[in-house]
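Have a look at the structure that comes next, please.
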Amino acid sequence: QVQLVESGGGLVQAGGSLRLSCAASGSIFSFSAMAWYRQAPGKQRESVASFSRLGSTRYVESVKGRFTVSREYAKNTMYLQMTNLKPEDTGVYLCVANLNGVELWGQGTQVTVSS
């Protein structure tokens, strides 16, 4: 079974940057879609950035211009480059991929932005 493992989270001051990684144990060519979700304290889980089946990207309004999602097929890894971080970006960031109609989730990585 393909597994997803996130890394790169941590504690950063407002205005700082982090790069998250989502490493798949199998080929990401097999995934029809991939996305980064965020679970903030007391809030609903939301999609932050995603790749569609055709490879186009989408971002939630609050991160546009600050976050960039990318993929590196040779490493079977998806990234989320986060810049100009704000305290409201705090949360657990989870990677999700769609494989043959089945959603696969990673365990998440914590991002904490201090003011």
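The values are calculated or read from the model by the stated rules, or taken from the named source; none is laboratory data. Everything quoted here is computed from the prediction, not taken from an experiment. For neighbour counting, all protein chains shown are included, and Cβ atoms are generated from backbone atoms with ideal geometry for every residue, glycine included. Surface accessibility is based on the protein's heavy atoms, side chains included, excluding ligands, DNA and RNA. Shrake-Rupley method; radii C 1.70, N 1.55, O 1.52, S 1.80 Å.
Just one of Gly16, Gly42, Gly10, Gly65 is open to solvent by 40 Å² or more (accessible area, probe 1.4 Å), among the small types (Gly, Ala, Ser) and at pLDDT 95 or above; which is it?
When all the criteria are applied, what remains is Gly65.
Right, next: I'd like to check something: does region 43-63 contain any residue that is more than 10 Å from the chain's Cα centre (by Cα), aromatic (Phe, Trp, Tyr) and farther than 16 Å from Ile28 by Cα?
Yes: region 43-63 contains one or more residues that are more than 10 Å from the chain's Cα centre (by Cα), aromatic (Phe, Trp, Tyr) and farther than 16 Å from Ile28 by Cα.
Pick from region 104-115 the residues that are of a type outside the set (Gly, Ala, Ser) and under 14 Å from Gly26 (Cα atoms): which of them is least open to solvent (accessible area, probe 1.4 Å)? Show your work before the answer.
Step one: list which residues in region 104-115 are of a type outside the set (Gly, Ala, Ser), which gives 104-105, 107, 109-113.
Adding the requirement that they be under 14 Å from Gly26 (Cα atoms) leaves 104-105.
Details: Leu104: 19, Trp105: 92 Å².
Step by step, filter region 104-115, then rank; the result is Leu104.
From the list Leu54, Leu85, Leu80, which residue is surrounded by 14 or more Cβ atoms within 10 Å (Cβ to Cβ), part of a loop (DSSP other than H, G, I, E, B) and among the hydrophobic types (A, V, I, L, M, F, W, C)?
Working: Leu54 fails: surrounded by 14 or more Cβ atoms within 10 Å (Cβ to Cβ); Leu80 fails: part of a loop (DSSP other than H, G, I, E, B).
Residue meeting the stated conditions: Leu85.
If only one of Ala97, Ala35 is in contact with an Asp or Glu (Cβ under 8 Å, 6 or more places away or on another chain), crowded, with 19+ Cβ neighbours inside 10 Å and of a type in the set (Gly, Ala, Ser), which one is it?
On inspection, the qualifying residue turns out to be Ala97.
Pull up region 19-32, narrow it to residues that are part of a loop (DSSP other than H, G, I, E, B) and open to solvent by 30 Å² or more (accessible area, probe 1.4 Å), then point me to the one that is farthest from Gly108 (Cα to Cα).
This residue is Ser27.
Next question. Within the set of pairs 6 or more residues apart or between chains, which connect a residue that is more than 19 Å from Met34 (Cα to Cα) inside region 1-14 to a residue that is part of a loop (DSSP other than H, G, I, E, B) with Cβ atoms less than 9 Å apart?
As it stands, the answer is Val12/Leu85; Gln13/Leu85; Gln13/Ser115; Ala14/Asn84; Ala14/Leu85; Ala14/Lys86; Ala14/Ser115, since those pairs meet every condition given.
If Ser52 passes every condition in (1) in contact with a Phe, Trp or Tyr (Cβ under 7 Å, 6 or more places away or on another chain); (2) touching a residue at least 12 places away in the same chain (Cβ under 8 Å) but one, which one does it miss?
Of everything listed in (1) in contact with a Phe, Trp or Tyr (Cβ under 7 Å, 6 or more places away or on another chain); (2) touching a residue at least 12 places away in the same chain (Cβ under 8 Å), Ser52 misses just condition (1).
Here is a follow-up. Quick one: which residue in Arg71, Arg66 is free of Cβ contacts under 8 Å to residues at least 24 places away in the same chain and within 14 Å of the chain's Cα centre (by Cα)?
Arg66
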